[in-house]
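Next up is a structure, given as structure tokens.
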């Protein structure tokens, strides 16, 4: 996969930020991918979807539907499904922060083989939650497609995954964060609705 092309897209959108950030996982880090900046550019979202589809071409006959957790990954999952000619469904959190599938999508995912698409992963928590929800519906996730893997390939998931971009983006628990110890102001960009 063309790592430089993905980096070029993220840079073109000003989606690659450096500073002191609190991630959705609760961990702190210096590198943040502002996915919403890419979502503002449908042409680039569709290009990333085509790239993900190309990365999954060898397993295209092995799944029935593309799913993505809300909110950030919806556009990337949709673009991937469009590029592959597959149905699409998304998961989202309820008012209590619990991941679930929208009722209108139940029939699409029940007992289906799924390609799960996520945008940026630090710990894989949302991906694991999504897999559990889909498993409860009798679906099986055969592969996870990631826009950005911040773990430098060390992500541990119960199913195989492929990432368009793999980076080493160190992160820390808040009590171990060197930037907190230096008193550097923290930013919490974006939100998935997950309650931490």
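The values are calculated or read from the model by the stated rules, or taken from the named source; none is laboratory data. Quantities reported herein were computed from a predicted structural model and do not represent experimental measurements. Using ideal geometry, Cβ is built from the backbone for each residue, glycine included, and neighbour counts are taken over all protein chains shown.
Checking the structure you have, find out if any residue of the stretch 88-96 is closer than 30 Å to residue 176 by Cβ and touching a strand residue (DSSP E or B) at 6+ places or on another chain (Cβ under 7 Å).
Yes, there is a match, as at least one residue in the stretch 88-96 is closer than 30 Å to residue 176 by Cβ and touching a strand residue (DSSP E or B) at 6+ places or on another chain (Cβ under 7 Å).
So, in the stretch 9-37, exactly how many residues are in contact with a helix residue (DSSP H, G or I) (Cβ under 6 Å, 6 or more places away or on another chain), touching a residue at least 24 places away in the same chain (Cβ under 8 Å), over 22 Å from residue 93 (Cα atoms) and outside any strand (DSSP E or B)?
2
Here's something else I'd like to know. Specify which of the listed residues (126, 152) is modelled with pLDDT under 95 and on the phi > 0 side of the Ramachandran plot.
After applying the criteria, what remains is 152.
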